[in-house]
Amino acid sequence: MDSVVERPRQTTGYYADTAYRPDQIPEQPPQHEDHNQSALERFGTARLPWGHTEPVVPIIVFAKAPPKLLRWHEEHGDPLEGTGYQGQMDHECFRYAPLAKRFQILNLTEIFTRLMIIIFGPLMILTVIVMSFVSSDSNYWQDVIDDWRSFALTFGIPIGIWLISRVLAKYCLGWFLKAGKGPLWELNRRTGMVTVWTYPPKFPFIPRGKPEVFKAPFVEFDAWVSTRGDRAGILNRLHLFHRYSKCEAGVGVVGGATSMPEPCYALWDFVQNYMDVTQPLPDIPIWEAYRHLDPVTAEHDRQTNRPERYWRDM
């Protein structure tokens, strides 16, 4: 007979009275107006339901910290420490803050050039080899040399850029790895509140002004999936709109734009499961080191005899 795991007991004092509990949602006033979407924008969006979540995690979130990276952090420490970075993803809150533009450019450059080399490099080499065998021109060797010279010129630039970006990332990472303008949004598990920062435009040589800070309970935000079409095809993105004012917590940036809507559904379930203090934290690698600090999660792990280093020792 299978053993039954008791539901973790409510822990008073640690969680605020405003913390999200699906069975204790206060009555919500009706929504008389959609402040975040026009009638045309609503036509291309679908509102997702609350509750009845599944224990799912978007793959991009699950893979954010593989076991190998967790062990590297244990050995070398957090590379963001001392950079002023204000992002946070632990048992208390999930706060998104972008890094400095220079790091984003370096990262995107390395990813883009590496993809070009991996995807188009072998195809180009195969094409040149095939053309070398089928060529029947009297200037056969000259044609072969010209083909390989064209290949070297075509891929020499991205290869060079990729090598430079790798060298900069290895030896100059401290200069690139800096905090950006500050946090953009926060989901706080302990308080059940959502905070959104809105920054004024930045002009050259003029200090940026202070951001506007908006804070409201998590239960006042609704999830919408927008569907848009462009040259890349159909793209779906999750939006978290405040029900009674013009405000968006851009959690969709975590999952990105996807060709199928299912990752957006998974991200919405994941966010609800994280904020729900009646159940443990979602069991993903990046939160393993914090599980013992969350009372409900710690009680659940004790009852289920979960290994403390389940992911880190994998």
Radius of gyration and Dmax over the Cα atoms of the stretch 178-272, both given in Å: 15.2, 44
Span from the the stretch 242-261 Cα centroid across to the the stretch 274-314 one, whole angstrom: 26 Å
Simple spin-label estimate for Gln303 and Glu81 in nanometres, 7 Å along Cα-Cβ: 3.5 nm
Percentage relative contact order, the stretch 203-255, counting C-alpha pairs under 8 Å, at least six apart: 26 percent
Carbon/sulfur fraction of accessible area - the stretch 205-314, other protein chains in place, 1.4 Å, %: 58 percent
Label zone at Gln24, where the point sits 7 Å out along the Cα-to-Cβ direction: the stretch 269-285 residues whose backbone N lies under 19 Å: 272-281
Charge tally in the Cβ shell below 13 Å around Lys68, where Lys, Arg are +1 and Asp, Glu are -1, Lys68 excluded: 0
For the stretch 47-104: accessible area per residue (Å², 1.4 Å): 65 Å²
Computed E for Glu54/Asp230 - FRET, C-beta separation, R0 22 angstrom, nearest 0.05: 0.15
Segments 27-39, 83-95 sorted - mean Cβ within 10 Å per residue, highest first: 83-95, 27-39
Distance between modelled label sites at Arg47 and Tyr14, nm, 7 Å Cα→Cβ extension: 3.5 nm
Spin-label model distance (nm) - Ser259 vs Asp90, 7 Å beyond Cα toward Cβ: 3.9 nm
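The values are calculated or read from the model by the stated rules, or taken from the named source; none is laboratory data. Just so we're clear, the structure is a prediction, and the values are computed from it rather than from any experiment. Counting neighbours? That spans all protein chains shown, and the Cβs are built from the backbone with ideal geometry, glycine included. Surface areas here come from the heavy atoms of the whole protein model, side chains and all, with no ligands, DNA or RNA. Shrake-Rupley method; radii C 1.70, N 1.55, O 1.52, S 1.80 Å.
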